[in-house]
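Comments concern the structure below.
The values are calculated or read from the model by the stated rules, or taken from the named source; none is laboratory data. In this text, all values refer to a predicted model and were calculated from it rather than measured experimentally. Glycine gets a Cβ as well: all are built from the backbone with ideal geometry, and neighbour counts include every protein chain shown. For the accessible areas, the whole protein counts, side chains as well, though only heavy atoms, and no ligand, DNA or RNA atoms are used. Shrake-Rupley method; radii C 1.70, N 1.55, O 1.52, S 1.80 Å.
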Amino acid sequence: MLSKVDNELLTRVGPGTPMGEMMREYWFPVVRSAKLEPGGAPERVRLLGENFVAFRSPDGSVGFIDEACPHRCASMALARNEDGGLRCIFHGWKVDATGRVADCPTEPEARRDLFASKVPTRRYHAREMAGMLWVHIGRHETPPPLPDFEWSALPDDHIQPQRGILRCNWLQALEATLDSAHVGFLHSRDGALRGSQGQRSESSFMRTYKTPRFEFEVRPYGFREAAIRDLPDDECYARIREVVLPNYSLIPRLPGHIGVTVISVPIDDENVIQWYLRFDLDRPIDTQAYLEFGTDSLDPDHFNSDMGDASNMWHQDRAAMKAGHWSGIVGRTNAYEDFVVQESMGPIVDRSREFLGAADVVIALARRLLLQAVKAHRDDRTVPFLGTESRLTALRALSATYPQGESWKCIDAFNPPEMAWASSG
Ligand code: FES
Ligand SMILES: [Fe+2]
């Protein structure tokens with residue numbers, strides 16, 4: 001559990017809040033690159049409780065500016081997308097890709113340029129990487145480098161970003177991605193857990209051994225966590241996750257399989273975007289396999305748009321539950337089930353009402369590290385998790401078996417041990 005005060009500290013992300021200010025030290029992916037057409041409609045973006053627009057100029061360059069026109073706050077999402085910037089449809093002011101006012105034709109011509117140069121505006125940083133537009137809205141002349149994960153430099157056809165949109169606080173979304181204990185329950189009807197009893201597969205391990213023990217290792221970027229299940233014949237099965245705080249979870253995968261990184265991006269206090277970024281290091285990604293993994297709508301910008309809400313109990317099917325389906329979230333995939341339980345907690349869960357147990361040790365660790373970080377940043381502007389020793393390309397999350405008596409901490413995810421099973425079945 002958390003005190004109400006600490007819960008507020010962790011969950012509030014608007015301008016001027018301690019977590020909001022800390023979050024503004026990081027880059028966030030906000031929209032798929034393919035969504036921004038040259039000279040096309042600007043895209044509204046809400047991030048950390050503020051409103052912006054992203055756009056691609058006719059020459060192909062990207063811009064990211066405040067949604068409110070610097071003149072009298074009309075939405076720049078309505079603007080004309082011209083060479084050199086967006087032109088507000090209200091009085092024709094033009095704002096360039098860096099947020100600077102480039103023209104204000106309502107002013108007398110003789111003083112127009114001088115006037116334009118005096119209009120106060122904020123400048124943001126925007127770059128494209130891994131098929132997404134990334135932005136940095138902190139008040140820095142020079143932002144930190146973009147995060148350098150193993151997928152950061154892959155060609156676009158090796159990566160498929162999709163995003164879900166959740167009506168709940170960002171920390172609820174993050175915590176579900178750190179929670180290995182729920183997999184054998186919430187997703188127990190899913191393809192990932194299908195397969196006959198006794199078959200050596202991740203499915204059978206998770207279905208048979210529902211009480212994993214958890215170990216972790218705190219690192220400069222966050223932590224590594226292992227959910228360990230003891231198997232017969234003196235073996236262990238570990239799902240070793242990498243968590244890059246404040247908002248990345250690298251999902252354990254079998255050697256040679258598609259990788260998944262989940263990124264939780266706060267829209268505001270009560271809404272969050274969750275990116276499911278799938279990547280294949282060796283070849284263009286297989287779209288069909290990708291769709292079967294965890295998303296089931298063809299809209300990559302809002303794959304859970306038909307998820308429902310509390311008014312229809314997220315389309316839960318009680319008849320299917322009577323017939324043996326675990327969650328009743330039928331015909332849907334893991335992400336949907338995660339989203340439903342996260343939203344069901346309410347917009348901002350009151351963590352002072354919880355009662356945590358052994359399975360929640362990783363959640364408690366993440367909260368402790370985030371609390372330390374937000375307090376350090378509030379008190380002396382220390383920027384956590386971005387140290388130069390944090391080489392993110394060196395991180396890979398892995399599922400592995402190894403002999404009991406050895407430690408998962410010795411496993412090299414880039415040279416994993418031989419395993420007598422290969423498929424999640
Ligand atoms: S409000 Fe945009 S030009 Fe006047
Ligand atoms: Fe899940």
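Restricting the range 199-213 to residues that are closer than 13 Å to residue 236 by Cβ and not in a helix (DSSP H, G or I) leaves a set whose member that is most open to solvent (accessible area, probe 1.4 Å) is 213.
Just one of the numbered conditions (1) more than 14 Å from residue 225 (Cβ to Cβ); (2) touching a strand residue (DSSP E or B) at 6+ places or on another chain (Cβ under 6 Å) is not true of residue 392: (2). In this structure, does residue 353 turn out to be in the same structural domain as residue 217 (by TED's automatic domain parsing), within 22 Å of the chain's Cα centre (by Cα) and either open to solvent by less than 20 Å² (accessible area, probe 1.4 Å) or more than 16 Å from residue 23 (Cβ to Cβ) (or both)? No.
If the condition is being among the aliphatic types (A, V, I, L, M), near ligand 1 (Cβ under 8 Å from one of its atoms) and either modelled with pLDDT under 95 or open to solvent by 50 Å² or more (accessible area, probe 1.4 Å) (or both), then the range 61-92 contributes only 89. The one condition from (1) within 16 Å of ligand 2 (Cβ to nearest atom); (2) assigned to a loop (DSSP other than H, G, I, E, B) that residue 331 does not meet is (1). Restricting attention to the range 1-16, the residues that are within 18 Å of residue 52 (Cβ to Cβ) and open to solvent by 10 Å² or more (accessible area, probe 1.4 Å) add up to 3.
Restricted to the range 57-139, the set of strands (runs of 3 or more DSSP E) holding at least 1 residues that are more than 16 Å from ligand 2 (Cβ to nearest atom) and aromatic (Phe, Trp, Tyr) comprises 62-66, 132-136. Kindly indicate whether residue 299 is within 15 Å of ligand 2 (Cβ to nearest atom) and within 19 Å of the chain's Cα centre (by Cα). Answer is no for this residue.
Take the conditions over 20 Å from residue 128 (Cβ atoms), more than 16 Å from ligand 2 (Cβ to nearest atom) and out of contact with any Ser or Thr (no Cβ under 9 Å at 6 or more places or on another chain) and apply them to residue 50. Does it pass? Against the criterion (over 20 Å from residue 128 (Cβ atoms), more than 16 Å from ligand 2 (Cβ to nearest atom) and out of contact with any Ser or Thr (no Cβ under 9 Å at 6 or more places or on another chain)), residue 50 qualifies. If you go through the range 129-142 and keep only what is open to solvent by less than 20 Å² (accessible area, probe 1.4 Å), under 15 Å from residue 386 (Cα atoms) and not small (Gly, Ala, Ser), you end up with just 136. Hey, any hits in the range 97-112 for a residue that's closer than 30 Å to residue 171 by Cα and acidic (Asp, Glu)? No, because not a single residue in the range 97-112 is closer than 30 Å to residue 171 by Cα and acidic (Asp, Glu). Only one entry of 171, 146 meets the criterion of being more than 16 Å from ligand 1 (Cβ to nearest atom), open to solvent by 20 Å² or more (accessible area, probe 1.4 Å), closer than 19 Å to residue 245 by Cα and of a type in the set (A, V, I, L, M), and that entry is 146.
A Cβ distance below 7 Å, combined with a sequence gap of six or more or placement on separate chains, defines the contacts here; from the range 182-197, residues that are under 15 Å from residue 210 (Cβ atoms) reach residues that are modelled with pLDDT of 80 or more and within 10 Å of ligand 2 (Cβ to nearest atom) in the pairs 186/337; 186/341; 187/334; 187/337; 190/334; 192/334; 193/187. Within the range 149-164, the set of residues being within 20 Å of residue 302 (Cβ to Cβ) and open to solvent by 20 Å² or more (accessible area, probe 1.4 Å) comprises 160, 163.
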